[in-house]
Every structure is written in C-alpha cells, then in structure tokens.
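K.L.:
This structure is in structure tokens; I'll ask about it shortly.
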C-alpha cells in the first residue's frame with residue numbers, strides 16, 4: 001500500500017469506508033433475496049439453522065442507515081479538508097456541487113430506472129395510466145419518497161436515493177448552521193426537523209387523509225446524515241469527539257437495542273407516549289451506532305498505514321464497495337429474475353448464497369463498468385497516470401489480501417519511493433508546511449490520501 005503525502009481534492013477514498021459500503025450493499029441484497037415466510041424453511045434438520053438465517057437477514061435492512069452516515073461523511077469531506085488545510089471560510093459553490101452530483105449519480109439511476117420499466121413491460125405488461133405517468137415523473141424528479149403511493153412502487157429501494165438527493169440540498173443549510181452556531185445547535189436542529197416532519201405528517205393526515213411518509217423522508221434522516229459530517233471533521237482534527245464515539249461495544253448495544261424496539265413497535269398501542277418516543281428514537285439510535293462504526297473504521301486506517309497491511313476482509317468488501325452504488329441500483333432487478341436460475345430442490349439459503357448473490361454481484365459489476373463508471377468525476381490530466389498506477393496497485397492489494405513476502409517487498413519499495421519523491425519535489429497540491437497544521441491534521445491528510453483508488457464514490 002503506497003502513501004502519498006499530498007492533499008488531492010477529488011481522487012481519494014478510504015478503503016475502510018469502501019469496505020463498509022460493500023458490507024452494507026451485501027446486507028441489503030441478503031435482505032431482499034431472503035424469503036422470510038415459513039414456507040421457505042426446509043422440513044429437515046436444517047429447519048432451525050435456516051430460521052436463524054431468516055431472522056438475521058430480516059434486520060439487515062438497517063444498513064441503509066450506515067449508507068446515510070457514510071454519505072454525510074463523504075459529502076462534507078471537501079469542506080473539512082479545506083478547513084484543515086488552513087482555509088478559515090471554505091466555500092462549496094452550489095452550482096458546481098450539483099453539477100458533480102447530477103453527473104455522478106443521476107445517469108446510472110435513470111438507466112437502472114429504465115431497465116426496471118422495460119422488464120416490467122416485457123414480463124407482466126405496463127399499461128400507461130395517469131398514475132403511471134405521475135409515478136414516473138415523481139421518480140425522475142427524485143420526489144417519489146414524498147408520496148406513500150410512489151415510495152415503493154417501481155423499485156423498493158429507490159426511495160433512499162430520493163432522500164440522498166434531498167439531503168444534498170439540505171447540506172447547504174446544515175453547513176450554514178454549523179459555521180454560524182456550531183455542531184451542538186446543528187444536531188439539535190436536525191433532530192427537531194425529524195420531530196417537525198412527524199408532526200406535519202400527523203396533522204396533514206388528520207386534516208386531509210393524505211399520508212405523508214415519515215420513514216421515507218429526508219427530514220427524518222437528517223440527523224443520521226449529519227453525524228457522518230461530524231465524523232469527517234473529527235478525522236481531520238477540527239473537533240474532538242468523546243471516547244465513547246469510537247467504542248464498538250456501545251455501537252453494538254445501540255444497534256441491537258434499536259432493532260429490538262423496531263421489532264416490538266407494532267405491538268405497542270399507537271396513541272401512547274411510549275410508542276411515539278420509541279418511534280422517534282429508532283432511527284437516531286441506529287444512526288449513532290453506525291456513526292461509531294464509521295469512526296472506528298476510519299481510525300483503523302492509521303494502523304494499516306503503519307503496518308503496510310490491508311486486512312483480507314477489508315480488501316474483499318472494499319472491492320464490492322467500489323461498485324456498491326451499482327449493486328444497490330440493480331440488485332432487485334436480478335432478484336426478480338432469480339427464479340429462472342435457482343434450484344427448487346435446494347434450501348433457500350443455498351440458492352441465495354450460491355446463485356442469487358453471485359449473480360447480483362456479477363450483473364452489478366457489468367453495470368458499473370458500462371453505466372456508472374463513464375459518469376464518474378474526471379480527474380485532472382496531470383494526475384491521471386499516477387492515479388492509474390495507484391488504482392492498479394490498490395486493486396492488486398484488494399485481490400491478494402494478506403500479502404506475500406515478494407508483494408510486501410514491492411509495497412515497501414513503492415512506499416519508500418513515494419516518501420523520497422514527496423520530500424524532494426514541489427507540487428501545486430502538496431500538503432501545508434508542518435508548522436501550519438497540527439499533527440492530527442497531518443495524520444488525517446496522510447491516511448485519507450494514502451488509500452486512494454479510482455474516482456471518489458461520493
């Protein structure tokens with residue numbers, strides 16, 4: 001693994017976050033690919049193991065909240081990096097920000113959306129009605145999560161993508177509040193937005209009978225998304241977080257506790273304080289739990305740099321994380337057609353593990369190369385050759401996992417060469433002088449840039 005001591009703007013990615021993306025995407029695939037009905041269980045000694053797998057996968061949908069935290073982390077990275085480099089008032093131009101977002105995310109989304117419509121028309125038929133036109137327009141405008149009739153209509157996961165786009169819009173308000181009043185006020189406002197949206201939905205329902213979705217709204221998840229932005233500032237040493245924010249034991253307790261509340265919420269009477277309080281806390285608890293996980297993973301990068309070693313599980317899941325957006329966009333498409341390939345005589349978990357999941361990954365990989373990668377942010381011409389070498393080298397590390405002695409020798413040689421090159425050359429994007437930034441900032445800049453592969457996902 002090579003280390004580059006310069007601060008580049010748009011070509012860096014943390015392998016740990018890529019690994020978390022890959023895990024989250026795979027968890028979502030397992031959630032949608034696993035039939036939770038009792039009829040899917042085998043009538044043999046595998047009944048109880050299969051039931052345990054069912055119960056486990058029934059909760060993997062919560063990895064959506066991990067995606068929200070990572071999204072906030074990555075979107076705020078540019079501002080935090082500039083602030084850590086000495087810019088007291090970093091500017092994020094609204095126009096260029098949205099140009100990058102639309103170019104990066106919208107074309108693959110539209111292509112996947114069209115594939116779903118074509119598949120629907122080819123299999124069960126698609127009658128063009130007024131509602132279908134309305135549904136398509138709402139999806140194209142990324143507003144389908146605001147109507148309960150369109151949130152899950154065409155694809156059951158696209159509502160989260162609408163939330164992402166709306167949170168990108170809310171980012172500028174979040175940034176204004178954070179700069180003017182600090183993080184305590186910012187997180188409070190984000191939580192109040194969740195309360196306000198819940199109240200608004202209830203009032204509109206009472207007055208009109210129209211149901212405004214709450215779990216599918218951006219306001220309900222603004223707090224979780226903001227935690228990711230908080231985490232990236234901690235990485236660059238702009239703020240200091242308490243020790244508990246890195247405690248994986250606490251993260252486990254919070255995630256499990258929120259999952260238990262979610263499981264038992266339907267049996268709690270709706271018009272009670274306990275129900276309303278539980279409903280309010282579930283998502284923020286998941287958010288805080290995954291916020292801790294992200295903090296811990298980012299800190300782990302430091303030891304990977306020091307030891308010149310990338311753990312094999314991280315390598316594997318980080319590779320999936322590189323095209324996790326394509327996995328998320330297309331996995332339902334593959335799952336819908338998986339009945340054509342599965343073996344009915346085999347238990348469900350065998351088909352999921354050996355047929356559905358591999359097919360999903362292969363299809364997403366092809367989709368990534370032809371429908372997503374062409375729209376990824378382009379790098380500067382001057383850095384193309386170096387970035388290509390970095391990409392090839394890191395992919396090699398990702399495939400090999402635990403390095404052989406020969407590979408470690410090559411790795412150390414490249415590492416030393418980069419260090420010597422960084423100390424004897426001057427580049428326009430080199431990191432600030434040691435006297436201008438603190439040790440925490442220099443460390444954050446170093447390991448944030450050292451795990452660079454391909455174009456930035458977010």
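The values are calculated or read from the model by the stated rules, or taken from the named source; none is laboratory data. Being a predicted model, the structure only gives us computed values, none of them experimental. Counting neighbours? That spans all protein chains shown, and the Cβs are built from the backbone with ideal geometry, glycine included.
K.L.:
Which members of region 203-219 meet the condition of being part of a helix (DSSP H, G or I) and crowded, with 18+ Cβ neighbours inside 10 Å? Spell out how you get there, then give the answer.
P.N.:
In the first step, residues of region 203-219 are kept if they are part of a helix (DSSP H, G or I); the result is 203-208, 218-219.
Within region 203-219, 218, 219 qualify.
K.L.:
On the basis of being loosely packed, with under 15 Cβ neighbours inside 10 Å and at pLDDT 90 or above, does residue 73 make the cut?
P.N.:
Values: loosely packed, with under 15 Cβ neighbours inside 10 Å: no; at pLDDT 90 or above: yes.
Spelling it out, it is not the case that residue 73 is loosely packed, with under 15 Cβ neighbours inside 10 Å and at pLDDT 90 or above.
K.L.:
Restricting attention to region 16-40, report how many residues are touching a helix residue (DSSP H, G or I) at 6+ places or on another chain (Cβ under 7 Å), in a helix (DSSP H, G or I) and closer than 21 Å to residue 354 by Cβ.
P.N.:
If we filter region 16-40 for residues that are touching a helix residue (DSSP H, G or I) at 6+ places or on another chain (Cβ under 7 Å), which is where we start, we get 16-36, 40.
Add one more test, that the residue is in a helix (DSSP H, G or I), and what stays is 16-33, 40.
Okay, now just the ones that are also closer than 21 Å to residue 354 by Cβ, so 22-23, 25-33, 40.
Qualifying residue count for the region: 12.
K.L.:
Under 24 Å from the mean Cα position of the chain (by Cα) and either surrounded by fewer than 19 Cβ atoms within 10 Å (Cβ to Cβ) or closer than 14 Å to residue 65 by Cβ (or both): is that true of residue 288 in this structure? Before the answer, list the steps.
P.N.:
Values: under 24 Å from the mean Cα position of the chain (by Cα): yes; either surrounded by fewer than 19 Cβ atoms within 10 Å (Cβ to Cβ) or closer than 14 Å to residue 65 by Cβ (or both): yes.
Criteria met by residue 288.
K.L.:
Against the condition part of a helix (DSSP H, G or I), closer than 28 Å to residue 155 by Cβ and under 17 Å from the mean Cα position of the chain (by Cα), how does residue 66 come out, does it pass? Talk me through it step by step, then tell me what you get.
P.N.:
Working: part of a helix (DSSP H, G or I): yes; closer than 28 Å to residue 155 by Cβ: yes; under 17 Å from the mean Cα position of the chain (by Cα): yes.
In short, yes.
K.L.:
Only one of 163, 177 is assigned to a helix (DSSP H, G or I) and surrounded by fewer than 19 Cβ atoms within 10 Å (Cβ to Cβ). Can you tell me which? I'd like the intermediate steps shown before the answer.
P.N.:
Working: 163 fails: surrounded by fewer than 19 Cβ atoms within 10 Å (Cβ to Cβ).
So the residue among 163, 177 that is assigned to a helix (DSSP H, G or I) and surrounded by fewer than 19 Cβ atoms within 10 Å (Cβ to Cβ) is 177.
K.L.:
Look through region 230-263, keep the residues that are without any contact (Cβ under 8 Å) to a residue 12 or more places away in the chain and within 18 Å of residue 187 (Cβ to Cβ), and return whichever of them is surrounded by the most Cβ atoms within 10 Å (Cβ to Cβ).
P.N.:
So the residue we want is 240.
K.L.:
Turning to a different aspect of this structure: Is it the case that residue 200 is out of contact with any helix residue (DSSP H, G or I) (no Cβ under 7 Å at 6 or more places or on another chain), in contact (Cβ under 8 Å) with a residue 12 or more places away in the chain, part of a helix (DSSP H, G or I) and closer than 20 Å to residue 270 by Cβ?
P.N.:
Values: out of contact with any helix residue (DSSP H, G or I) (no Cβ under 7 Å at 6 or more places or on another chain): yes; in contact (Cβ under 8 Å) with a residue 12 or more places away in the chain: yes; part of a helix (DSSP H, G or I): yes; closer than 20 Å to residue 270 by Cβ: yes.
So residue 200 passes the test.
K.L.:
For region 41-63, give me each residue that is assigned to a helix (DSSP H, G or I) and surrounded by 14 or more Cβ atoms within 10 Å (Cβ to Cβ). Give the derivation first.
P.N.:
Going through region 41-63, the residues assigned to a helix (DSSP H, G or I) turn out to be 47-57, 60-63.
If the condition is that a residue be assigned to a helix (DSSP H, G or I) and surrounded by 14 or more Cβ atoms within 10 Å (Cβ to Cβ), then 50, 51, 53, 54, 57, 60, 61, 62, 63 are the ones that fit.
K.L.:
Give the residues of region 294-334 that are surrounded by fewer than 22 Cβ atoms within 10 Å (Cβ to Cβ) and not in a helix (DSSP H, G or I), sorted by residue number.
P.N.:
Once the filter is applied, which keeps residues that are surrounded by fewer than 22 Cβ atoms within 10 Å (Cβ to Cβ) and not in a helix (DSSP H, G or I), region 294-334 yields 308, 309, 311.
K.L.:
Let me ask another. Mind listing whichever residues of region 118-160 are crowded, with 16+ Cβ neighbours inside 10 Å and free of Cβ contacts under 8 Å to residues at least 40 places away in the same chain?
P.N.:
Selection gives 135, 136, 138, 139, 142, 144, 150, 153.
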